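Here is the structure we will look at, set down as structure tokens.
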Amino acid sequence: MRVHKEISTFSTVYNITLLALKVAILCIQMLLGFNKSEGHKRDPTHNERASFKDKVLDAKDFSEIVTASGYRAREHVVTTRDGYLLVVHKLEKENHPISNTYNPKTVVYMHHGLLTNSELWVLGSKKEKTLPYLLVDAGYEVYLGNNRGNKYSRKHLKLSASDPQFWDFSLDEFSYFDIPDTIEYIQNLYRYKERASAFGISGMGSERLLISDETGSLTPNSFSNSSSTLGNYQTPDTIEIVYIGFSQGCSQLIASLSLYPELNSKIKIFIGLSPAIIPSNLNHPIFKLIVNQTAADNSFLYSLFGRRAIMPSVSFWSTAFGAKFYERIVDRSLTLLFGWTGVNISKEQKQLGYPHMFSNSSVKSLLHWFQIIKAGRFQMFDETCSCGLTKLSSLSSKSKEIGNRVTPFPITDHLNVPMHLFYGDSDILVDIEKTKSLIVDNNPRMRDKLRVELCNNYEHMDTLWGDRVYEDVFQKILIELENMNQFDKLKSSM
């Protein structure tokens, strides 16, 4: 059971003062005869007349963003084996009929990058620059996931988000829990639909298809101790999922495939946009120094940002500065950090996307990437650093490595999935040669399954929002998936 801390006297006084101030403002409004709700009634067509850009900028969440483009979202909740609750968005056309029928063309799962959330995928300034919309229009079942700790996944069965223990996660936990548990949930959902369709059952009558253990809880058997919120129906067929990842969303899947070799059989194809696996160091000399210092001593970054969330006030600043000024701030920051110019992304796209782009993650997840950059290898989080070693053995990096070798993600032996990676030659977060070497070397199964595609002059965000992203990336993905479906139909008819 979660234990709540005592409320401080300062918090009590602050809340009472804030309430009194709001009451005073309300009284003044009433005395002046101002009624906000009546003002809206006098203009019933306000929302209809608002531009697409205004609707997206004013949107509070994923559902409101996609509604502006004529789509709707259904929310699913995945319970990970370690107790985090993750929201997964199912994207549909607005007039899509509600049905439990099992008849998916292909299931597509999309996962965002570091310090972002599922909204990142649906912020294109037009439909041609919004891959999920294109996929739904083509008849695919599209799901968009979220990592623990971001805007949509800040709940745990036992821990409060104010507890530092809640934020004690990095790429290890994203890969060990979030990705495989979400994929399992989606597969169980379609097993359920298949079973319900086979029995001609829908709605409440389908409850008798659920399988419970002796305690009455639902018990999927994949990944042993999973507590996913849907049961596993023991059907022999597994729904193969097309996985599309952006940036860290790529490294998360690759790490998961290495930790769970059986997961390879559940992924039909992996399509990676700007796959960040072993990034180069940051652009500015000062930030390079910070990366190196952080990788050498875990406590350094914690001393600056604490042990909980990084960028907790980002929503305030994006609102306070307004779209135009905030776009300049983000552009300047990206130039300092990564040397990006942003020339391939229009101002309109930046002003639309930037205010919704960033979301919380843990300080530890950022620290983990700094360790990977410094080590130049795709490795798990270095929990020890100088702990467990004497000061003498930590004086040099060589003596430290002799005393402690950080566990790698063992991808060289376990990958067995077709991969198509899109990358730009102006993106310092993607070292494609190291990535290819990591995937293909010592793994002959992947030599004919890995395909990499260069997008000339592309930077990191261009594979999502670039001016030519439809021609260079999205159209090719749609053609590849359609050819794959046609091949499957031909094979099944033989």
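The values are calculated or read from the model by the stated rules, or taken from the named source; none is laboratory data. These figures come from a predicted structure and were not determined experimentally. Heads up, the Cβs are rebuilt from the backbone with ideal geometry, glycines too, and the neighbour counts pull from every protein chain shown. Quick note on the areas: whole protein, heavy atoms, side chains included, nothing else; ligands and nucleic acids left out. Shrake-Rupley method; radii C 1.70, N 1.55, O 1.52, S 1.80 Å.
So the values come out like this:
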| read-out | value |
| --- | --- |
| Options N95, N103; residue that is open to solvent by 10 Å² or more (accessible area, probe 1.4 Å), under 21 Å from L478 (Cβ atoms), over 23 Å from the mean Cα position of the chain (by Cα) and at pLDDT below 95 | N103 |
| Residue that is farthest from the chain's Cα centre (by Cα) [pool: residues in region 316-336 that are within 23 Å of F52 (Cα to Cα) and in contact (Cβ under 8 Å) with a residue 40 or more places away in the chain] | A323 |
| Pairs, first farther than 29 Å from K288 by Cβ in region 337-351, second surrounded by fewer than 21 Cβ atoms within 10 Å (Cβ to Cβ) and of a type in the set (K, R), C-beta under 7 Å, six or more apart | Q351/K324 |
| Test: residue in region 119-126 that is more than 21 Å from I239 (Cβ to Cβ), touching an Asp or Glu at 6+ places or on another chain (Cβ under 7 Å) and either surrounded by 16 or more Cβ atoms within 10 Å (Cβ to Cβ) or at pLDDT below 95 (or both) | yes |
| Pick from region 408-467, criterion part of a loop (DSSP other than H, G, I, E, B) and basic (K, R), ranking: modelled with the lowest pLDDT | R447 |
| Pair list, Cβ < 6 Å and 6+ apart or interchain, from region 137-163 residues that are on the phi > 0 side of the Ramachandran plot to residues that are in a loop (DSSP other than H, G, I, E, B) and open to solvent by less than 50 Å² (accessible area, probe 1.4 Å) | G149/N360 |
| Filtered residues of region 266-291 (kept if closer than 17 Å to D181 by Cβ and without any contact (Cβ under 8 Å) to a residue 40 or more places away in the chain) | none |
| Residue list for region 6-20, restricted to those being part of a helix (DSSP H, G or I) and either open to solvent by 100 Å² or more (accessible area, probe 1.4 Å) or modelled with pLDDT under 75 (or both) | T9, F10, S11, Y14, I16, L18, L19 |
